[in-house]
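The values are calculated or read from the model by the stated rules, or taken from the named source; none is laboratory data. Every value quoted in this text rests on a predicted model; they were computed, and no experiment measured them. Using ideal geometry, Cβ is built from the backbone for each residue, glycine included, and neighbour counts are taken over all protein chains shown. For the accessible areas, the whole protein counts, side chains as well, though only heavy atoms, and no ligand, DNA or RNA atoms are used. Shrake-Rupley method; radii C 1.70, N 1.55, O 1.52, S 1.80 Å.
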Amino acid sequence: MIASPYDSTRCYVLIKDNRIYNTDINRFSSNPGNLIGDGLREVIQDCGPWNIVLSPNSISTPAYQLTVFVSKFFINAVKKPFAAVVEMEVSVVASVSGKLVFHETYSQTQNTPTDDMPGAVSAFDVCLENIFKTLTNDLNKQATRM
């Protein structure tokens, strides 16, 4: 799940007067919620702690339910260098007991290599890679207590 207004294929940019606007020309191939969800499922399946990660619309009952809420996903263009900003809250609930077994907020800011859309996408990629790496490390450490 991603916070409004970021749940769009458009890229959002924070400008000098603290207004956020969206790009009309440059668009993501899918909304960030889907891109992040697909990437995160792949990373968790490859790096643990679970070998099988089901998609949200699966008919199977998982042992744990992982929820990600993306609260920030924009380019900060208030000053140079521009930077990608990503923040997400991650929760894991045991399906049988309904007990919250993990809850953490991850935040990452990465300067863009260039002040254009390819630079923004590159910076978003680095932010997500760093968050996913930290998250999977945290989940693997927590797995023995789940």
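For this structure, a couple of remarks:
- Lone qualifier among 95, 107 - being modelled with pLDDT of 95 or more and surrounded by fewer than 18 Cβ atoms within 10 Å (Cβ to Cβ): 107
This table checks each residue for (1) closer than 24 Å to residue 103 by Cβ; (2) in contact with a Cys (Cβ under 8 Å, 6 or more places away or on another chain).
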site: 14; (1), (2): no, no
site: 19; (1), (2): no, no
site: 50; (1), (2): yes, no
site: 57; (1), (2): yes, no
site: 64; (1), (2): yes, no
site: 75; (1), (2): no, yes
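- Residue among 35, 14 that alone is in contact with a strand residue (DSSP E or B) (Cβ under 7 Å, 6 or more places away or on another chain), surrounded by 14 or more Cβ atoms within 10 Å (Cβ to Cβ) and modelled with pLDDT of 85 or more: 14
- Of all residues in region 116-129, none satisfies being farther than 25 Å from residue 29 by Cβ and open to solvent by 50 Å² or more (accessible area, probe 1.4 Å).
- Residues within region 69-92 that are under 17 Å from residue 40 (Cα atoms) and open to solvent by 20 Å² or more (accessible area, probe 1.4 Å), tallied: 6
- Selection of first residues in region 81-98 that are farther than 13 Å from residue 61 by Cα and in contact (Cβ under 8 Å) with a residue 24 or more places away in the chain and of second residues that are part of a loop (DSSP other than H, G, I, E, B) and open to solvent by 40 Å² or more (accessible area, probe 1.4 Å), restricted to Cβ pairs under 9 Å at least 6 apart or on distinct chains, gives the following pairs, ordered by first then second residue: 81/113; 81/115; 82/114; 82/115; 92/146.
- Residue list for region 126-146, filter: charged (D, E, K, R) and either more than 20 Å from residue 11 (Cα to Cα) or modelled with pLDDT under 95 (or both): 133, 138, 141, 145
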